[in-house]
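Here's the structure, in structure tokens; my notes come after.
The values are calculated or read from the model by the stated rules, or taken from the named source; none is laboratory data. No experiment lies behind these values; they were computed from the predicted model shown. Positions of Cβ are backbone-derived with ideal geometry, glycine not excepted, and every protein chain shown enters the neighbour counts.
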Amino acid sequence: MITVKIFRHNNGIVLHEEVPPTVSKPALSWLAKEKIPSLSNDMALELGLYIIESVGGGQRQIAFEEEDAEIKKQVAEVYAAKKDYGRAAKMLEKINLEIAHRNVEADEKA
């Protein structure tokens, strides 16, 4: 789980509240789109949950809503792969489908 340890150690760089979203957003985008999908299920789950917890709610979650949604979707996929469908469904429920600048098809909302 070295990737997660490195990320936690460097958390101040990526997710620290004093770091402006213009700096941390590209890093989270890279993690969401490239790094997490390349990890094993266990590592992806651990890192994904850690990021979701670190981003939290409120203004920071709004700033990272696309990345947050992507990571939650990936965590749900890991839960589904582990046949933990209840947790997968609960994770998907947490995704804000009314994001103003995100195009979500009607069947994806269903």
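For this structure, a couple of remarks:
- When we screen Glu53, Glu65, Glu46 for residues that are farther than 18 Å from Glu98 by Cβ and free of Cβ contacts under 8 Å to residues at least 40 places away in the same chain, the only hit is Glu53.
- Inter-residue pairs, beta-carbon under 7 Å, first at pLDDT 80 or above and in segment 84-107, second among the hydroxyl-bearing types (Ser, Thr, Tyr), 6+ apart: Arg87/Tyr79; Ala88/Tyr79; Met91/Tyr79
- Checking each residue in segment 69-83 for being in contact (Cβ under 8 Å) with a residue 24 or more places away in the chain and either surrounded by 17 or more Cβ atoms within 10 Å (Cβ to Cβ) or among the hydrophobic types (A, V, I, L, M, F, W, C) (or both) picks out Ala69, Glu70, Ile71, Lys72, Gln74, Val75, Val78, Tyr79, Ala81.
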